[in-house]
Amino acid sequence: MSNNHKHVTDASSLLSDTLIIPAYIAIVSSIALILHLIIVSGTVQRLLARALPQTSNLRTSEVNGDPTDAVPSISLLSDVKQHVASHGGQTIFAFKVARLISCLILLAFSIVSAVADENNHIGDQFSGVFGKWGKKHKHSKRRGPSLSVKEWLDLAMCMTYFYASLIALVSVSAKYRWSKVATRHLNALLFVTFAVYFYRDLFPLTTFTRPVLDLSEGKLLVAKISVLFLSGLAIPLLIPRQYIPVDPKNPMATPNPEQTASILSLITYSFLDPIIFLAYRIPHLSHDQLPPLADYDYSHHLVGKSFPHLDTFGKKKKRHLFFGIMRVFYREYLILALMITIQVMASFASPLGINRLLSYLETGGEGAIVKPWLWILWLFVGPTISSFAWQWYIFIATRTMVRAECIITELVFEHALRIRVKAETHGSTSDTTSDSANSTIATENTLRVDEESGSEDGTLHSQGATDASIGHSQEETLQGSSSSIKSSSSKGDKGAKQDEADQSSASNLIGRINNLVTTDLGNIVDSRDFLFVLLYIPLQITLCIIFLYIILGWSAFVGLAVILLLFPAPGYVAKLIQGVQVERMKKTDGRVQTVTETMNVLRMIKLFGWERKMNEKIADKREEELTWIWKRQLLDLVNGNLNYIIPVFTMMATYATYASKVFSSMSIFDMLRDQLHMIFFYLSQAVTGKVSLDRVNDFLHNTELLDSFEQKESLDLQSADVVASGDQIGFRNASFTWSNDADGSLTPSKRNFSLNISGELVFKHGCVNLIIGPTGSGKTSLLMALLGEMHYIPARLDSWFGLPRSYGVAYAAQESWVQNETIKENILFGAAFNEDRYKRVIYECCLERDLELFDAGDQTEVGEKGLTLSGGQKARITLARAIYSQAQTILLDDVLAALDVHTAKWIVEKCFSGDLIKNRTVLLVTHNVALARPVAEFVVVMGKDGRVSSHGTVSEVLKTDPELAKEITEDAEGIQKSEEQIDTPLIAAEERANADGKLILSEEVEEGHVSWSALKLYFVGLGGNHPILFFLAFAIGLTLTELSAAIQTWYLGYWASQYDEQPASSVRVFYYLGVYGILLMSGVTIYCLSYVVYVFGTLRASRTIHKQLLESVLGTTLRWLDVTPTSRVIARCTQDIRAVDGPISSHLWWLSEMTMIMVIKFGAVVLLTPVFLIPGLLVAGLGGWCGQIYIAAQLSVKREMSNAKAPVLGHFGAAIAGLTSIRAYGAQYPFIQESLSRINRYTQAARTFYNLNRWICVRIDAIGGLFAAALATYLVYFQNHSAANTGFSLNMAVGFSGMILWWVRVLNDFEVQGYIDIEQEPKPTPGGIPPAYWPSSGKIQVENLSAKYSMEGPKVLHGLSFDIKSGERIGVVGRTGSGKSSLTLSLLRCIFTEGDVYYDGINTNNVNLDALRSNITIIPQIPELLSGSLRQNLDPFDQYDDAILNDALRSAGLFALQSNMEEGRITLDSSIASGGANLSVGQRQILALARAIVRGSKLLILDEDHTTDAIIQTSLREGLGGDVTLITVAHRLQTIMDADKIMVLDAGRIIEYDTPKELLKKKNGKLRALVDESGDRNALYAMAEGRAMD
């Protein structure tokens, strides 16, 4: 019985022994492997193939997809090489072989160990059997020798190592597929075995009480553990991972180091070492030097993986985008949750370590189980584990963030390619989602859109860009568009405000889409850390309370109660902050609006000499904004103090009831305080993110799609043929609206409209078809309907409409759409280059002359929105794109409207009659019926309200429509008159492009750190007039604050030590509490005072930097404005000023505060343990060195990242603006591909950038942990400080080491940017102020005037000399490039001039520029207007009363123009859109003339355009005073033939200057030659003679 009992005991002790665990793992592993083999066997595969076809295919492909299968073997050596390569190369294979050898060694060791035990056992048995003297006992009835527990264990270990050796052999010899499986099993088995030995034989060494279990093995044990450590821990951590291509057919030539880095390299980010040290060695890291993008981060891969869950198109089931994103990233979020949990647990390492160490010191080691050096090690290991977990969290989170940015941008982009572009109505829900949560961020990001994509953004511009993409016809005549200004004087300002409100609520669709991928996308990715709210904070707070309860007992709950009672206070302050922030954002928006508008019309402001007044106007807005910033800063101070005071009150309440164990619990209270901060921060981020996610979700689910993408759910009339039979182009009994709402919808110009075609309308094939009709009759809509852009409503069962796409469709929109590429790329538009065809297109579209003017020819970049081109050039490039394409059908929407008569005639004669158009079907919308009539074979006349009034051949239509015939006759006469035009307008083309075609200066990439000059600028602003006083007050305040904090900490320890020295009852709690309270309040008071001093300084800096920046930009030269995109200037004046107001000031404060805290904490450590001065300085030096290396790399990559982001948004904005054109050409796919490739470029920089941050964090955390652990070792083993002082030192050290990282990061984020030092025009001087009476006349005397656009550029005017008497009217004529525009600019000193200009007897070189320009008025070809009322445009600075303004409007001819208009009259209260977009060019010129009359200048310069109306000519003749000199830069002879004198320029020289009469007498005169070429020769001669012709 006892024997049986012994066997049972042996069995149970065997099975429960820890050394048997590896055998269990081996058994489980072997069973799993056998099951795996069965599953992939042929029989099971065939069974699976019947049940789950997809799964089995996948499995078999997995089994067969081995890289070695396909290649036939040649020789043994090559076989071996191939085998090694299939395992990932020599390094990985060597590691696998090393592991196999380790397993064999372990097997050998276990056999040796077993044999040794067996020998011992046999020896024991012999001595038992033969008795003491070796003789056999007679009565012994023993059975044969049985195995002891030890031997069973040895046998189990032998079998385990044998199994391990087997699978190690498989991992080396099998094909990759099975090798991978075997390796996983092997790693798990070896790791568990190592862990078992660690627990049995290494952990007991750290304790006072536990024995080492396998001590009897002696040196063999050390050898075993060493080999196990190598094979079970070191090799898995160090072995590089094999590169597995995402797409086996397209592996990367060189994979990203992240894909092949070992686990240890991944955890420590050392795979980034090469790039970091490269960046440290060279001044600027280029994009090509960044690590290649990993193939799992390629945008096409991400899109392919995620779109099935996210793309709403074609899905009946609508679910919120959030759930789709979670489905795509569920693996990542599981890892994030795990990392958060580990990090929370590990963050208690330091407090726990300090607590155990102090209790060891307090008790002198009584009852301690664990040796103190373990806790010291724990002070290093714990925070390091926490750091690894936290950094891995951020690694995964930022990777997810970059991927999400890529996916959402592409999702919105591809969805936008399907939507119907229509105006948002006032009741539209999609845009009413309040942006209040976003308001904080909106300004910055909205501006960023404007900077980077050139998109018209609803937040900033009141002008709707929707019109651009729809190409809504806007009549260029005077009366046509004035009806769009629904305003009357009775409305007053209130009306204007109402209009503005309406406009902002119905912000245009394009602005909204751009906002989705900037502001909203930013908010969404910023809210990626919502797990903090759901998991981290609750977990951390719970653990804090548990920890405090364990240390402090029930007093912990006293502290908790205080926290709960004080909790509403920060909430209330947060609410106040939100209110102030909303107000502040309104003021910021106001300033930004003014700045943006100013920058958009900066050229006009300079020409008018308004810089100073504009600066004052913006400065007023700035002051209002700074007031609110001041309020915000004060509330931030209150908020900071609350978050500081709450935990302190909690501590005081807790310690009043229980004052021992202070230091370990203090760091827990610090944690609690951080949680309070985090709750508010992450919650508001999550809410903001949700609002933005809802907006994107709303866009994806609720935006109206084109009919071709809408799912047809019902089959009623919709079953009618949508497309005609064959290849007919036309309609039958069809209606179209701009929306599928029941009531039709608003057009892009905000009016209800439907296109109705009754009967059949079929366009004629292979010829030019004209579509004509009055403005607003639906000509553009007819083209849009054919293109499928409108909603189709069949009227009867036989309804259809058709535009065959099989042979290609080309389209030129009315508002020309160009991409920010070269002219050539715009024309080719992705088509193959055919030189002969290309040259013919250039010739026929009249682009040859234009290309000659550009130094780089067709390689000239057109800039954002085509800013380097005139309207006519853009129109011809858009036309050239359509003609160059191979499309059989060409739709042209009023392409002739933007062209002057000569060019239009050329296009009609050369292009529309040329070979390139032959046999192609052209649908041409035009107003120029007379011009286009000769080439047209079929005409469609649109009547009012979207109906076709007639169609047929030209002669047929003219018979039925006498009004049209009359109109054509009048037009023909007008064309005849316009033929006298002697010039094609090209604004300052002389200076348009550099030789390489790059018009725009690339953004200055600053290399290295923030420059000292930039910092100096900010510091000078901070210091103001008394810099020494300011910086002294600031520094002393901060020092005292931090000293007081350190003294408080020390005092708590001193108080706690009283409990050790005397009984608790005799410690005067309230005395100590009182002193502590006084220390605390004095600290808070000093802090508040120094903060207020600092805030005053920051406001002063904000004010002065803004002022300097604006003065600098307003005072720059026109040349600088030409080469710098407006959007970039706006970004400087908005984004960078926002940085100065917010991040820069707060960063500098944090930096100063942290520097002081670190100095004080370090000082406290050195004071108590002076020996730590050297290690401390070493740690700081090491941290600083790491930081230096990191910053060098980080600055480069950061700049590359922002440079790569701009093209993504630029392409997005351009594509959204040209949606109709892209869809018409069917070019969606190339655009999607281009978008993906630009996103890849951004992702490559962004991934590297975020990984660099991880590199530095891990290293600095490790340095800090080492410092704290080293100090603890010294204090425990080499010092005999009191526990209180030791605790104080450790507390300070842990605080110091934790802050090194933040200090380096904040130092690096501190950036200030430039534009203060750009080229400037001469500043006003007291000596440059002219006499008060000047100018009393308009007399001009010019002597030897030369001019050039830049100091080093060629001269554009050469030695001009002429006189103009006061009151004379002078005409200036000449071919393009002759210097006409340059002459006007040189009179205003806008370009570099030599020589003298005397204006009313005073040399203009000696007059201040603002005085000169405010006394000369220029009316440019296309006048620029400000948004606001007409009154604000005529008198921006409120200097005149309404009577004067109305007189000016009357004199300019506005009232004569409106005499017979019933409604829509323009009054002083009429609102003008930004740039005057809601007025025709004619109306704008009348207003510009009125503005000139109001100014009352003695010299008026008119840069006359071919559209300048007769009304203006009359006004100029009659409305100006007799002493006003008028210089007209003419493009048509008839506008100047009655002038007093005419100046003929050629190549910057005067070749003729006299009265018209005299010039016409010259036989070979230039003017005479021009007049004789004209068709209106007689009338012109008569005008010159002063006789009027009937």
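The values are calculated or read from the model by the stated rules, or taken from the named source; none is laboratory data. Source: prediction; values computed, not measured. Cβ sites come from the backbone with ideal geometry, for glycine too, and all protein chains shown count toward neighbours. Areas reflect the complete protein model, heavy atoms only, side chains present, ligands, DNA and RNA absent. Shrake-Rupley method; radii C 1.70, N 1.55, O 1.52, S 1.80 Å.
In nm, what is the difference between 0.36 nm times the number of residues separating K180 and I1036 and their Cα-Cα distance? Don't jump to the answer; show the numbers that get you there.
Working: separation 856, 0.36 × 856 = 308.16 nm, distance 6.36 nm.
Length gained, K180 through I1036: 301.8 nm.
Based on the alpha-carbon set only, what is the convex hull volume of segment 151-208 divided per residue, in Å³? Provide the component values of the computation, followed by the final result.
Numbers: hull volume 4.3 nm³, N = 58.
Spread over its residues, the Cα hull of segment 151-208 gives 74 Å³ apiece.
Based only on the alpha carbon positions, what is the Kirkwood hydrodynamic radius of segment 1082-1202, in angstrom? Don't skip to the end; give the middle numbers.
Details: mean 1/r = 0.0542 Å⁻¹.
Every distinct Cα pair counted, the radius reaches 18.5 Å.
Within segment 1183-1202, name every residue whose backbone N is under 18 Å away from a label modeled 7 Å from Cα of T254 along the Cβ vector.
Within reach of a label on T254, which here means backbone N under 18 Å from a point 7 Å along Cα→Cβ, segment 1183-1202 contributes 1197.
Taking square-rooted eigenvalues a ≥ b ≥ c of the alpha carbon gyration tensor, is segment 1521-1590 rounded, prolate or oblate, where a/c under 1.5 means rounded and, failing that, a/b exceeding b/c means prolate? Display every interim value, and only then the final one.
On the way: a/c = 1.65, a/b = 1.02, b/c = 1.62.
Oblate shape, in that a/c is at least 1.5 and b/c is the bigger or equal ratio.
Cα centroid distance between segment 684-710 and segment 852-897, in Å?
35 Å
Please give, to one decimal in nm, the separation of the simple spin-label points placed at K305 and I111, each 7 Å out from Cα toward the Cβ.
Placing both labels 7 Å beyond Cα along the Cβ direction yields 4.7 nm.
For K1016 and L683, calculate 0.36 nm times their separation in residues minus their Cα-Cα distance, and state this gained length in nm to one decimal.
Numbers: separation 333, 0.36 × 333 = 119.88 nm, distance 3.75 nm.
That pair, K1016 and L683, stretches by 116.1 nm at full extension.
Starting from the Cα of A94, move 7 Å in the Cα-to-Cβ direction to define the label point; list residues of segment 242-262 whose amide nitrogen is under 18 Å from there.
Within reach of a label on A94, which here means backbone N under 18 Å from a point 7 Å along Cα→Cβ, segment 242-262 contributes 242-243, 260-262.
Could you give the nm distance between label points at S1350 and E1234, where each point is 7 Å from its Cα heading toward the beta carbon?
It is 2.7 nm.
Computed FRET efficiency, Cβ-Cβ of D1363 and E1394, R0 25 Å: what is it to the nearest 0.05? Kindly include the intermediate steps, with their values, before the conclusion.
Numbers: r = 19 Å, r/R0 = 0.75.
Step by step, r from the Cβ atoms, then E = 0.85.
Measuring from a point 7 Å past the Cα of A1139 along Cα-to-C-beta, which residues in segment 1019-1044 have an amide N at less than 18 Å?
Those under the cut-off are 1019-1022.
For segment 283-380, rounded, prolate or oblate, judged on the Cα gyration tensor with a ≥ b ≥ c (square roots of eigenvalues), a/c < 1.5 rounded, else prolate if a/b > b/c?
Details: a/c = 5.61, a/b = 2.17, b/c = 2.59.
Taking the square roots of the gyration eigenvalues as a ≥ b ≥ c, segment 283-380 is oblate.
Grab the beta carbon distance between N119 and L169, set R0 = 30 Å, and tell me the FRET efficiency rounded to 0.05. Before the final figure, lay out each step's value.
Values: r = 30 Å, r/R0 = 0.99.
Here the calculated transfer efficiency is 0.50.
Of all alpha-carbon pairs in segment 804-930, indicate the percentage at a distance above 25 angstrom.
Every Cα pair in segment 804-930 considered, those over 25 Å come to 16 percent.
Report, to the nearest whole %, how much of the accessible area of segment 1084-1203 belongs to carbon and sulfur atoms, 1.4 Å probe, protein only. Mind dumping the intermediate values first?
Working: 2970 of 4100 Å².
Ligands and nucleic acids excluded, carbon and sulfur give 72 percent.
Could you tell me what a quarter of the Cα convex hull surface of segment 1319-1411 works out to, in nm² with one decimal place? Before the final figure, lay out the partial values.
Details: hull surface 26.5 nm².
Quarter of the Cα hull surface area: 6.6 nm².
In nm, what is the difference between 0.36 nm times the number of residues separating L37 and I1028 and their Cα-Cα distance? Numbers along the way, then the final one.
On the way: separation 991, 0.36 × 991 = 356.76 nm, distance 8.01 nm.
Result: 348.8 nm gained on full extension.
So what is log10(I(q)/I(0)) for segment 561-631 at q = 0.23, 0.24 1/Å, when the Debye sum runs over its Cα atoms only?
Summing over Cα pairs of segment 561-631 leads to -0.94, -0.98.
For segment 1104-1176 and segment 1366-1402, what is the separation of their Cα centres, given in Å?
46 Å
Set the Förster radius R0 to 60 Å, insert the Cβ-Cβ distance between S1066 and L264 as r into 1/(1 + (r/R0)^6), and round the FRET efficiency to 0.05.
0.60
Decide, for segment 1201-1283, between rounded, prolate and oblate: order the square roots of the alpha carbon gyration tensor eigenvalues as a ≥ b ≥ c, take rounded if a/c falls under 1.5, and otherwise choose prolate if a/b is larger than b/c, else oblate. Don't skip to the answer; put the middle values down first.
Details: a/c = 8.00, a/b = 6.00, b/c = 1.33.
Prolate.
For segment 1016-1083, evaluate the Debye formula with one uniform point scatterer on each Cα (no solvent term) and list log10 I(q)/I(0) at q = 0.16, 0.23 Å⁻¹, rounded to two decimals.
For segment 1016-1083, the Cα-only Debye profile gives -0.66, -0.94.
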